[in-house]
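In what follows, a single structure is set out as structure tokens and then discussed.
The values are calculated or read from the model by the stated rules, or taken from the named source; none is laboratory data. Keep in mind that this is a model prediction, so the values were computed, not measured. Cβ coordinates were reconstructed from backbone atoms using ideal geometry, including for glycine residues, and neighbour counts include every protein chain displayed. These accessible areas exclude ligands, DNA and RNA; they are computed on the full protein's heavy atoms, side chains included. Shrake-Rupley method; radii C 1.70, N 1.55, O 1.52, S 1.80 Å.
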Amino acid sequence: MKKISLILFSAFALTTVKAQNKFNLLVGTYTNTCQSNGIYVYEFDANSGDFKLKNSSENVVSPSYLSVSADNKFIYAVNENGTQSTVSAFGYDSASGKINFLNKNDALGADPCHLINDDKNVIVANYSGGNIVVYKKNTDGSISEVQQLIQHEGKGPNAARQEKAHVHMVVFSPDKKFVLSNDLGLDKVFIYKYNPASKNEILTLKGSVDVKPGSGPRHLTFSKDGKFVYLVQELDGTLTTFSYDKAGSLKVIAETSILPKGFKGGTGAAAIKISPDGNFLYVSDRVDANAISVYKILKNGSIELVEQQSTLGKGPRDFSIDPTGNYLLVGHQYTNDIVIFKRDIATGKITDTGKRIQLCSPVGLVFTKI
């Protein structure tokens with residue numbers, strides 16, 4: 001009897017593990033270049049790499065970047081549409097994948113490209129507007145009108161791309177006491193003290209740190225222990241490592257380049273992510289490179305190059321690693337697909353599975369629980 005019970009328990013446990021390894025993949029798209037409904041929800045199996053379409057939004061304009069609430073009940077999206085740009089809130093049923101539009105408000109800045117949220121606020125980076133805006137969350141998950149606007153001023157040495165401020169990202173520090181913001185136009189990372197309960201001074205400037213002139217800081221990520229920050233610069237492919245302390249101070253400690261030796265083509269570094277176990281760093285590059293660089297993160301925060309792999313498409317603007325760490329999915333803005341790579345958890349290396357999600361202009365990928 002014990003043997004039968006053990007077998008039944010083992011079968012149940014295996015079934016449970018398999019069920020836990022299914023996630024929703026949310027994909028934000030551009031809707032102005034091909035036929036797209038906006039946000040798509042796929043069920044993704046992190047055991048097999050298989051996927052199936054569950055649902056999509058309806059008639060949402062270019063939701064290029066998405067942020068999901070901690071309780072998994074709401075999605076916030078930037079609607080990247082020039083001077084007509086907005087920010088939208090949606091109800092989200094993860095079981096069915098159904099997305100329900102709640103409301104939207106003016107971004108008060110052209111081309112929002114990144115956003116974050118917590119239980120009180122939604123914070124947005126406006127690229128062409130060169131500013132940060134903050135919305136309060138209403139009890140139903142919808143957003144208020146803009147409560148705070150912070151305008152960056154200045155320019156950088158690259159006349160074509162740094163003619164003014166271009167805020168490219170906002171990100172919470174691990175303890176949520178600060179918000180860091182990369183400005184591609186000014187070659188600076190700004191550190192703001194975060195006051196979540198404040199009415200209209202939610203962010204107050206603590207300071208900023210300069211990076212290499214003309215490098216164009218785009219995206220950053222924190223190490224798993226929160227002691228280091230890795231920043232990729234779009235314009236020249238620089239990858240900068242900072243030390244970070246709980247007082248919100250950044251200090252440059254190392255610099256490298258994601259470009260292969262002798263590379264002569266165009267570059268446009270895009271996304272930077274860390275594996276769920278915190279052991280590997282991944283960075284995508286666009287234009288002519290269309291590659292992902294893989295780095296091992298050492299205990300002292302320094303990084304070692306593992307490999308550089310083609311993403312097998314054009315315009316890898318974003319990618320995401322599933323929560324188990326088994327797969328890395330790359331969205332290609334120009335070849336209209338998501339390439340599914342198998343990831344070796346021990347070495348960090350990625351290999352093509354041959355599996356593709358065909359989709360109009362995927363540019364933002366987020367995994368959520370079902």
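The fraction of accessible area contributed by carbon and sulfur in the chain is 53 percent, rounded to a whole number (1.4 Å probe; ligands and nucleic acids excluded).
With Rh defined as the Kirkwood radius, the inverse of the mean 1/r over Cα pairs, the Rg/Rh of the range 127-194 is 1.05. Using 29 Å as the Cα-Cα cut-off, could you pick out the over-long pairs in Lys188/Lys227; Lys52/Lys299; Lys349/Lys369? In this structure, Lys52/Lys299 exceed 29 Å between Cα atoms.
Mean separation of Cα pairs under 8 Å and 6 or more residues apart, divided by the residue count, gives the chain a relative contact order of 12 percent. Pairs spanning more than 27 Å between alpha-carbon atoms, out of Lys54/Lys355; Lys251/Lys314; Lys164/Lys261; Lys177/Lys224: Lys251/Lys314; Lys164/Lys261. Probing with 1.4 Å while keeping every protein chain in the model, the per residue accessible area of the chain equals 43 Å². When all alpha carbon pairs of the range 17-117 are counted in 5 Å bins from zero, the resulting P(r) reads 3, 14, 23, 24, 18, 11, 5, 3, 1, 0 %.
Once each of the GluC sites (Glu not before Pro) sitting in a DSSP loop with at most 16 other beta-carbon atoms within 10 Å is removed, the chain keeps 202-370 as its longest stretch. From the coordinates of this entry, mean projected area of the Cα convex hull in nm² is computed, and it appears in (1) 19.4; (2) 17.2; (3) 21.1 under the label (1).
Using heavy atoms of the protein chains and a probe of 1.4 Å, the accessible area assigned to Lys227 is about 120 Å². Within the chain, the cysteines lacking any other cysteine Cβ closer than 4.7 Å to their own Cβ are Cys113. Think of it as helices only: each DSSP H run of n ≥ 4 in the chain is worth -39500 (n - 2.57), and spread over all residues that comes to -2000 deg cm²/dmol at 222 nm. In the range 233-358, one over the average inverse separation of all distinct C-alpha pairs is 15.0 Å, which is the Kirkwood hydrodynamic radius. Whole Å is fine, so just give me how far the alpha carbon centre of the range 142-166 lies from that of the range 67-94. Going from one Cα centre to the other spans 20 Å. For the range 300-370, applying the loop criterion from DSSP together with a ceiling of 16 other beta carbons within 10 Å to the chymotrypsin sites (Phe, Trp or Tyr not before Pro) yields Tyr334.
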